[in-house]
Structure formats: C-alpha cells, structure tokens
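The values are calculated or read from the model by the stated rules, or taken from the named source; none is laboratory data. Source: prediction; values computed, not measured. So basically every Cβ, Gly included, is an ideal-geometry build from the backbone, and we count neighbours across all protein chains shown. Calculation scope for accessible area: heavy atoms of the full protein, side chains included, ligands and nucleic acids excluded. Shrake-Rupley method; radii C 1.70, N 1.55, O 1.52, S 1.80 Å.
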Amino acid sequence: MKQKKQAPQLEVITTHMNADFDSLASMLAAKKLYPEAIMVFPGAQEQNLRNFFLHTSSYLFDLKRIKDVDLNEVKRLILVDTRQKKRIGKFKKLLDKNALEIHIYDHHPPSDDDIKGDFELIQELGAGTSILTKIIREKGIKITPDEATLMSLGIYEDTGSFTYASTKAEDHDAAAWLLEQGASLNTISDMLTRELTAEQVWLLNDLMASATKNNINGVEVVIAKARSDRYIGDFAVLVQKFMEMENLNVIFGLAQMENRVYLVARSRIPEINVAEIAFEFGGGGHPQAASATIIDKTLIQTEEELNTILLSKINFERLAKDMMTSPAIYISPEATIREASDVLTGYTINVLMVIDENRTLKGYISRQMVDRATFLGLEMRPVKEYMNVEFFHVGPDATLNEIQDLIINNKVRILPVLKDSQLLGVITRTDLLTILIERSSTPEFLYDSEDVPRFVRKKNIGNLLKERLPVKIIKILKDLGEIADNLDFNAYLVGGLVRDVILKKKNLDVDIVIEGEGIQFAKTFADHFGAKVRSYPKFGTAVVVMPDGFKIDVATARIEHYESPAALPEVKLSSLKRDLFRRDFTINTLAVHLNKGHYGTLIDHFGATRDIKERTLRVLHNLSFVEDPTRILRAIRFEQRFGFKIGKLTESLIQNAVNIHCFENLSGKRLFIELKLILKEEDPIGIIERMDGYDLLKFISPDLRLTEELRDVLTTIKGILVWFNLLYLSVTYKPWKVYFLGLTSSLSDTALNNLAERMQVQDKEILSMISARQEVRQALKELSRLSDKKNYSLYRILSPFPPEILLYGMAKTRSEKIKRSISTFFTKLRETEVFLKGKDLINMGYKPGPFFKEIFDSILEAKMEGDVSTKEDEVEFVKDRFGSLLNQVKS
C-alpha cells in the first residue's frame, strides 16, 4: 500500500532583503507570537546588522540559512516589515502554492507589488517592530531585557530616534513599554551612534562634491553620487547626514560599491513619495525614507533611469502669477521720505515699490529705511536717494523653486513680478513662508521677526584657524573660551581677523565680542593670566595687554545709535547679531564661537561668506554712509586692498552720501585717521584715484585735485619706495608720510596749514615735515648747483631732514642729478661714522671743549672725501690738522 505524503508543517518568519535592525527586531517579536516558527533572512543584511551579529551573542536568535530550508515544507509564511514580492528573494517562489498560509505585519504604505495575506495587520507607523510590540504587550507575553533592547533598537533606527516625519505616537508608546521591560539605552546608543570611519568620511565627501540640484516640475531634487571599489557600510546614515547638514528637502543618494548600486532616498515634502520611486528599482520604504539595491545596472544607467522616473512621478508646478500679491503699492522716485512714510503707514506694509512716470520699476524702500532716514532729519529728501536699486525680479511664469532660491539664498525681502518691465505684483517672504508651510517645508531663515531665530550659516573652521594662525594665538583663543565658560558668557572672535583667515591674509589683531559683561570678562581673563587691562566703561570695551605686550580688544555686544549724520554713536547692550549688524560691511560681520562646546563654529548672519566668494563689498543698510561717512573711505580701501568690487547699491549710496555733503559734519580728526589708514595701504594710489572718482578729495582740501602731475608724483613715490625698501638699509621711516607729502604737494603752504588745522593733526613729525616742505625746496636748489665730488657738502645739506622728506623730494624733482645725489646720501653717506670718540681725543692730550665738534666734522669731511678710512688714519689726520691746538694745550 502506497504511503500517504505528509502535509507541510514548517512555519517561516522572514523579512525583506538588505534587512536592517527593524527587520531583525520584527522577526524576533514575531517569534514570540509564533514560537514554533523558524527565522530566515531572504538574502543579505545591511552592514550594520552584519556587524551586530559579529559582536553580539547569538543565543537570542535561532536563525536558519535559506539554503537549509526546504521550501516545499513551508505551510505558513510570516512576513514582517514588508509585503512586496520583489523584496522577499527566493520566498517569492512560494506564493503560487495553494496550501500556503500567509500572515503579514507591515508598516509601509501600499504598493502595486503587495502580496495578499490570509491575515494582515498593516499600520503606517514609524517602525514595524511597534506593531508587534503592541500585540506582545496586549497578550501579556514576557520578554527579556535583551529582547527588549533589540526591539527598541529596531524602533529607534527606523524612526531616526523619533525624528523622522513617519514617527507616530504608537512608536513612542512601544518604546516606552520596552524601556519598562529593561531595554538598555546605553546599548542602543552604542549601536546607533558611532563615529564615521575614514572610508565613510571620504564617501560622504564624494556625495557632497558630486551633488547636483535638479528642478523637476517645480520641485528641487538633489542627486548625489559616490563610488567605492569595496563595500562601505551605513550608506543610509551618510545620506541622512548630508540631508541634515545641507537642510535639503529631497535627496537621492547613489553609491556604486563592488558590483551593486545602492539607492537611498529621503523626502521632507508630500510632493515626492520616495517609496514609490525606490519601488521602481525593486526596493521600498516609506514616503519619507526608502532604499533599493540595483544589481544589473551601472551608476550612470541608474542615474539616467532615476531622472526618467522622477520626471514621470513629480507633477507639481506653482508659478509666480499664482503666488503674487497684486496690485502692488508704489510711490514715485521724486516723492519725499515723509510721503513714503505716510503710504507705508496708511497701507500697513513694510516695503514700498518705487515706479517712475513710465511705470518702470526703479527699486524699493523699506519701512526700516524710512524710519532711520526720518530720525536723521532726512524726511524731505527724495526717496530715490535711499531706495534699494539692486533687486531681483521674476516673470509671471517663474516657478516656485526659482522664487524660493532667489528669496532664501539672497535674503530678498520682496520679489517683484514683471512683464515687459511693467509691475504685475510682488511676492514677499511672508507669501513664500505661507506656501512652504502648506508644503510642510519651512526653513527657519524665512522668518522676518527679530524674535524668531533666522537662518545662520554655520560651519566649523577650527582646523582652518589652526592652519592659518600662530600657536600662541590659538592658545589665547582657547583660553578666552574657557574663561567665558567659567563666567557663563559667550565669547566670539570677530572682525578682520576672521575675514582675513578666510582670505588667507596675514592679520593678528584679536577682537573679541562678549555676550555678557565685556569689561568684567577682560578683568577676569587678565587676573588669570597676569595681564593688564585698560577699560572704557562708556563703550563697554577694554584692552587686555598680555605680559609679552600682545593686545586683545574686548567689547560687550552692543548696538550703536546715531543722533545725527556723522555723529559718534550712542552705545547700548545687545546680542551678537545686533552687534555685528552695526558693522560697516557684510565681509566684516563674521564671528567664530570660542566657548569650548562650540569652538571654531563660524557664524554668518549676513551672507559674508557669499560676498567674500563673490568678491563684493556691501553695506548692511541704506543709511550706513549717512550715519558714518568714514565708511565710504573704508569701502574704497577694502575694495582696492582685496581686489573686490563695490556692489551696485552700495556705490549708489556712496554717491548719495557725497551729494548731501555728509562729510561736512565729520570731525577732521576722524577724517585724518581714515586718511592715514588709506596712505598706509600697500598701494594707496588706486584708492586715491577712486576717491577722485567719487569727488571725495575736496573733503581733504577744497584745493586738492588729482591732476596728471599729482598722479605722476604719487606713481614716482611708489617706485622710489620699492627701490628704497630693496636697499635693506637700517633706516626707520613711515611710507604713509611720504605719500601724504606727495598727495598734498600741489597745495600751497597756506592750504596745507589749513588742512592740518581742519584735521586737528597732532603728529609732531607731520607738522615738522609740513614746516620743512619749504626748506627742502631750497635744499634741492642747492643740490642742483653742487659739484658731484662734494660728498660732505651733500651730507651737510641733506642730513637735517628726515628720510620721508628726502624720499618725497626725490619723487618731486625732475632732475636726475638731484635724484642721484639723494641716492648717494642714503647708500653711501648717511650711515658714515667717525671711529674716534671724545675720550680718544682726551687720551691724545686734548682738553674737552667746543672745538671737539670742529675736529669731528673735519674728520667726517675727510672720510667722505676719501682722505681717511681707518681709525689710525683719523689719529694721524687729527695730529696733522689740529696739532697746533695740542701744543697750545700743553703750553
């Protein structure tokens, strides 16, 4: 009799290929519900899961290899964390068996590839483990602390430690219950929080370097690629990290490792369901996070296919004409600031468009600018002088992505919508904010309120500081941060040093801003390191002088309030951001956090790094030059020093400030300080030429003009100073004084004295050179009549003058003979010294007296004319020339 075949008896728990911690945890949880079932992976696991098996005791798991399972013996297939046919490997073959019973526990959204189960429990939670944990809890099934830890690990991983948008309240409830069952948070942290390996850092760097932004039907998608000859684990972690670092809405990461391409996708917006896209590659996941492994395609092929799929899947378009506010409120360029204020108040708006008689948009003016101008007494000035003339605009068919890029990346307050130069409407930051809120994608930097944190570009430049600054300075910076921590203050390195570190320029001027009490900080620091302090309570500033003389400028974070144009500012306490806002140009608003926990963090509130990259100088507000006209001179100085260009709006504001004679109320002393800084630049000629272009030289002296003759004098001075510096003489001089004499060389003595009086010049050397200017003219005339062989006469004529006067005279004269004479004086005569001293003459028998000078002058003359050279020669010369004096002394 033929034996009847036994029915299949095997129960199998499985999950998706490339299993992760949620897959394993779900299998373990299912095992508690189906104790007779065996656990089998359908294929490979993710690298972090493989590492887990290598370093963890395996007593929790009774895992079987799929090759050891007779598929014909399977009567029940229990699927966890998936229900897609493409993702269960060889188990797909079982689906055609009539007698197969299928149970499904899954938290993913539905797809066209879904398997139909005899029993299904589908809940779109953050983790599949959460579904099974709830059942275990309701059934009162006991679990061990180790099992609770692993199940928690699955929930923490798939919810991004409860930060992913897919996380639900049920995930929190499940994790809380598992914690009560003894789950170890330390173990979870150790497994999920690991430092990147060197290989992972390189892979992340490749992703960032290759990333491209693609505008697909109005939605910005980032695609980043990387390659590696060998498998590098945690690729999903790297893609997630990249997304967080760059604050991206949508990213697709592709990595070709060994013979496979791995796709990891993340989305923060409802327009893109990355699970649908991953499904096209045989993968799956959630709308916000998905992945796939592609075996039979190259990286290039995968990218091309991805772009094709994205074009077909993304169908979202919103245009400027759908978003704009219309009609826009506007005013004429000729209208006054007072009229603009009335319109702004009447319509309760913050920005006003400026349109001329031809309805052409000329710019815009903000309420803030109108208020500041009114406060400074400029309410009757025309709007056109202070309106913003640099503005971006779009056409009516501009996409949301284009609009978002302009408003966010360029900090645009208002975006006009134009058609054939006619204003159709405007899009404000508030309009964009409303739209992005609807899309669940609201960058923090869109908020316009001062009470809401705005976007701050941050990156850590600690290593850059270490590379560019001396060890001594780095130690001081870290010490400053430590003292700030002790006082519970925030300390920041600010100003030119930060700027010049980025520009690779030498600068060792340490300026510190303290959020707290700057003077208290300075005194505490000085006490700790044996330094001295000079404090200025009115301004909340101090100077710390270290034992070796090195100086550190310390300031309390403050805002400056100008009572009138060109006045000195009133000072009040403030935050770092407000402190930086008072500065002259965006490139000078960078700050570096020095406190230990944030050391090296670069803070950029006002787009300084962008302006440095674009090599452009911009002011922070439109009344900047009215409040402090010296900023005009600094703008020109920085432009020439760094090879930057002055922005269009900033240039217009300079011209407006000059037109209203803003320098008239500026103290001469402050003007002279800025003039000195200009003349101390390596090449001040370009600055002087730009000042002439802006008609600024008249503020130095009404009689000053940049004529061709004056330009020739300045150019000659430049060449002479180069020559003089190359001589490497031990002559101390100040080049800026030579340029000062050159710049003022065309002025009469009366005009020059008026200039010195107007600028309150207190530099004694400058005053003496001004008085010596007439004397040097006479000296040059004497040189023209002097024989070339009369060295001592040459010395006698030139030695009374400081080197600056002589270098100026050398540049001013057209006589080659005079130039040669001054050159001879510097190179051969000026340092000539007599060997004999007074005590030598006394030892020779001479009695001290006024005639000693006559003797030394005679020796010097003989030496310069070549009659003596050694000390012995000098002794013989004295005996021959002045022997009779010696006989007189003896008698």
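Can you find a residue in the stretch 8-24 that is of a type outside the set (Asp, Glu), more than 43 Å from the chain's Cα centre (by Cα) and at pLDDT below 75? Even if it seems obvious, please write down each step before you answer.
Just the residues of the stretch 8-24 that are of a type outside the set (Asp, Glu), to begin with: 8-10, 12-19, 21, 23-24.
Okay, now just the ones that are also more than 43 Å from the chain's Cα centre (by Cα), so 8-10, 12-17, 24.
Still in the running and at pLDDT below 75: 8.
Within the stretch 8-24, one or more residues are of a type outside the set (Asp, Glu), more than 43 Å from the chain's Cα centre (by Cα) and at pLDDT below 75.
Quick one: in the stretch 510-524, which of the residues that are in a strand (DSSP E or B) and over 19 Å from residue 549 (Cβ atoms) is modelled with the lowest pLDDT? In this case the residue turns out to be 515.
Candidates 606, 585: the one that is more than 15 Å from residue 496 (Cβ to Cβ), touching a residue at least 24 places away in the same chain (Cβ under 8 Å), open to solvent by less than 50 Å² (accessible area, probe 1.4 Å) and hydrophobic (A, V, I, L, M, F, W, C) is 606.
Looking across the stretch 732-759, the residues that are open to solvent by less than 20 Å² (accessible area, probe 1.4 Å), within 18 Å of residue 802 (Cβ to Cβ), out of contact with any Lys or Arg (no Cβ under 6 Å at 6 or more places or on another chain) and not small (Gly, Ala, Ser) come down to 737, 738, 739, 740, 741, 743, 744, 752. Got at least one residue in the stretch 329-347 being open to solvent by 40 Å² or more (accessible area, probe 1.4 Å), part of a strand (DSSP E or B) and either among the aromatic types (Phe, Trp, Tyr) or closer than 30 Å to residue 418 by Cα (or both)? The answer is yes; a qualifying residue exists. Looking across the stretch 348-377, the residues that are acidic (Asp, Glu) and not in a helix (DSSP H, G or I) come down to 356, 357.
Give the stretch 544-553 a look and list any residue that's part of a loop (DSSP other than H, G, I, E, B) and either of a type in the set (S, T, N, Q) or open to solvent by less than 50 Å² (accessible area, probe 1.4 Å) (or both), or say none.
Going through the stretch 544-553, the residues part of a loop (DSSP other than H, G, I, E, B) turn out to be 546-550.
Residues satisfying the conditions are 546, 549, 550.
Across the stretch 612-639, the qualifying residues are those that are out of contact with any Asp or Glu (no Cβ under 6 Å at 6 or more places or on another chain) and either among the hydroxyl-bearing types (Ser, Thr, Tyr) or without any contact (Cβ under 8 Å) to a residue 12 or more places away in the chain (or both), and the one among them that is surrounded by the most Cβ atoms within 10 Å (Cβ to Cβ) is 624.
Report whether or not residue 790 is over 30 Å from residue 770 (Cα atoms), open to solvent by 60 Å² or more (accessible area, probe 1.4 Å) and at pLDDT below 85. Give the steps one after another, and end with the answer.
Details: over 30 Å from residue 770 (Cα atoms): no; open to solvent by 60 Å² or more (accessible area, probe 1.4 Å): yes; at pLDDT below 85: yes.
In short, no.
Taking the options 208, 243, name whichever one is without any contact (Cβ under 8 Å) to a residue 60 or more places away in the chain and open to solvent by less than 10 Å² (accessible area, probe 1.4 Å). Just one listed residue meets the conditions, 243.
Could you check the stretch 503-524 and list, in sequence order, the residues that are of a type in the set (A, V, I, L, M) and open to solvent by 50 Å² or more (accessible area, probe 1.4 Å)? 508, the sole residue that qualifies.
Applying the condition of being outside any helix (DSSP H, G or I) and under 23 Å from the mean Cα position of the chain (by Cα) to the stretch 393-411 and asking which residue is surrounded by the fewest Cβ atoms within 10 Å (Cβ to Cβ) yields 410.
Condition first: more than 17 Å from residue 304 (Cα to Cα), under 28 Å from the mean Cα position of the chain (by Cα), modelled with pLDDT under 85 and aliphatic (A, V, I, L, M). Can you find one or more residues in the stretch 189-197 that meet it? The answer is yes, given that some residue of the stretch 189-197 is more than 17 Å from residue 304 (Cα to Cα), under 28 Å from the mean Cα position of the chain (by Cα), modelled with pLDDT under 85 and aliphatic (A, V, I, L, M). Residue 267 meets each of the listed conditions (1) touching a helix residue (DSSP H, G or I) at 6+ places or on another chain (Cβ under 9 Å); (2) touching a residue at least 24 places away in the same chain (Cβ under 8 Å) apart from (2).
In the stretch 761-786, what count of residues is obtained for those that are part of a loop (DSSP other than H, G, I, E, B), within 44 Å of the chain's Cα centre (by Cα) and surrounded by 13 or more Cβ atoms within 10 Å (Cβ to Cβ)? Explain how you work it out, then say what you get.
Start the filter on the stretch 761-786 by keeping residues that are part of a loop (DSSP other than H, G, I, E, B), which leaves 761-763, 786.
Then keep just the ones that are within 44 Å of the chain's Cα centre (by Cα); that gives 761-763.
Now narrow it down to the ones that are surrounded by 13 or more Cβ atoms within 10 Å (Cβ to Cβ): 761, 763.
Going through the stretch 761-786 one residue at a time, the tally reaches 2.
Scanning the stretch 271-291 finds one or more residues that are in a strand (DSSP E or B) and without any contact (Cβ under 8 Å) to a residue 60 or more places away in the chain.
Looking only at the stretch 219-240, which residues are among the basic types (Lys, Arg) and surrounded by 16 or more Cβ atoms within 10 Å (Cβ to Cβ)?
Initially, the stretch 219-240 is screened for residues among the basic types (Lys, Arg), giving 225, 227, 230.
Within the stretch 219-240, just 225 meets the criteria.
Here the stretch 96-140 is the region considered, the condition is being among the acidic types (Asp, Glu) and not in a helix (DSSP H, G or I), and the residue that is least open to solvent (accessible area, probe 1.4 Å) is 106. For the stretch 834-853, a tally of residues being within 25 Å of residue 791 (Cα to Cα) and without any contact (Cβ under 8 Å) to a residue 24 or more places away in the chain returns 5.
Restricting attention to the stretch 315-328 and to residues that are in a helix (DSSP H, G or I) and either of a type in the set (A, V, I, L, M, F, W, C) or loosely packed, with under 15 Cβ neighbours inside 10 Å (or both), the residue that is modelled with the lowest pLDDT turns out to be 322.
Among the residues of the stretch 290-309, are any closer than 24 Å to residue 400 by Cβ, modelled with pLDDT under 85 and open to solvent by less than 40 Å² (accessible area, probe 1.4 Å)? For the stretch 290-309, residues closer than 24 Å to residue 400 by Cβ, modelled with pLDDT under 85 and open to solvent by less than 40 Å² (accessible area, probe 1.4 Å): absent.
Could you pull out every one of the helices (runs of 4 or more DSSP H) wholly within the stretch 643-707 that has 2 or more residues that are open to solvent by less than 60 Å² (accessible area, probe 1.4 Å) and farther than 23 Å from residue 387 by Cβ? Steps first, answer last, please.
Working: elements: 648-659, 668-679, 685-693.
Hits in the stretch 643-707: 668-679, 685-693.
Open to solvent by 60 Å² or more (accessible area, probe 1.4 Å), assigned to a helix (DSSP H, G or I) and acidic (Asp, Glu), is that true of residue 527?
Against the criterion (open to solvent by 60 Å² or more (accessible area, probe 1.4 Å), assigned to a helix (DSSP H, G or I) and acidic (Asp, Glu)), residue 527 qualifies.
Tallying residues that are modelled with pLDDT of 80 or more and either assigned to a helix (DSSP H, G or I) or in contact with a Leu (Cβ under 6 Å, 6 or more places away or on another chain) (or both) within the stretch 210-220 yields 1.
Would you confirm whether any residue within the stretch 816-835 is at pLDDT 90 or above and part of a loop (DSSP other than H, G, I, E, B)? Yes - at least one qualifying residue is present in the stretch 816-835. When restricted to residues that are under 37 Å from the mean Cα position of the chain (by Cα), closer than 24 Å to residue 411 by Cα and not aliphatic (A, V, I, L, M), the stretch 346-384 contains 12.
Of all residues in the stretch 530-543, which are assigned to a strand (DSSP E or B) and within 27 Å of the chain's Cα centre (by Cα)?
Hits for the stretch 530-543 are 541, 542, 543.
Taking the stated definitions as given, is residue 251 in contact with a Lys or Arg (Cβ under 9 Å, 6 or more places away or on another chain) and among the hydrophobic types (A, V, I, L, M, F, W, C)? Yes; evaluated as a whole, the condition is true for this residue.
Checked against (1) in contact (Cβ under 8 Å) with a residue 40 or more places away in the chain; (2) within 20 Å of residue 734 (Cα to Cα); (3) aromatic (Phe, Trp, Tyr), residue 801 passes all but a single condition, namely (1).
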